[in-house]
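Working notes, structure below.
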Amino acid sequence: MPKPDALLSAVVVSGGKQYRVAPGDKILVDRLAAEPGSSLKLGRVLLFVNGDEIKVGSPAVDGLDVEVKVLQHRRGPRLESLRYKSKKRVRVHHGGRADLTALEIIAVGGITGETRQETKTEAKPKAKARTEAKPRAKAAAAKAEVEAPKAAAEARKRATRKKETN
């Protein structure tokens, strides 16, 4: 299935795996016998999309190929599998790293894709401005001013009650 934002794309086969590509894409495939910097052509194109034109191959589209440039050879992530059964002396450990080749897609079917200019969207203004918070010392002082008369009145009441009970 072609990428929704690409006008020009194809599905190619490399190393028994299928990749959906468009000009300018970078992909990782199984190791290829090519030097970094060299150019290759991937001949098995299963699907070709150019705008509204769609070509489906059976099994491959005739006369189409994808031109790629070899960027580098690297290794994939480390994959491990362990199997262990307690009290049975069964311990099996398999692991390794895949050898990969990084490719950049130059042209699909002899057509290099248009380089799309990214349109910058304007930053949306904030919905409402935040009010500045009062410093904590000022807020505590303001609270103390409000509660000070109440505290003084309660202290007078307690004092008068003590005098009455004695």
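What follows is calculated from the coordinates using simple rules that are stated; it is not laboratory data. This one's a predicted model, so the numbers in the text were calculated from it and none came from an experiment. We place every Cβ from the backbone using ideal geometry, glycine too, and count neighbours over all the protein chains shown.
Annotations for the structure displayed:
- Dipole in debye (nearest 20) - region 8-108, about Cα centre, beta carbon charges: Lys, Arg +1; Asp, Glu -1: 1400
- Compactness of region 8-108 as Cα Rg over 2.2 N^0.38 Å, two decimals: 1.45
- Sorted peptide list for 18-28, 76-86, criterion being average Cβ within 10 angstrom, highest first: 18-28, 76-86
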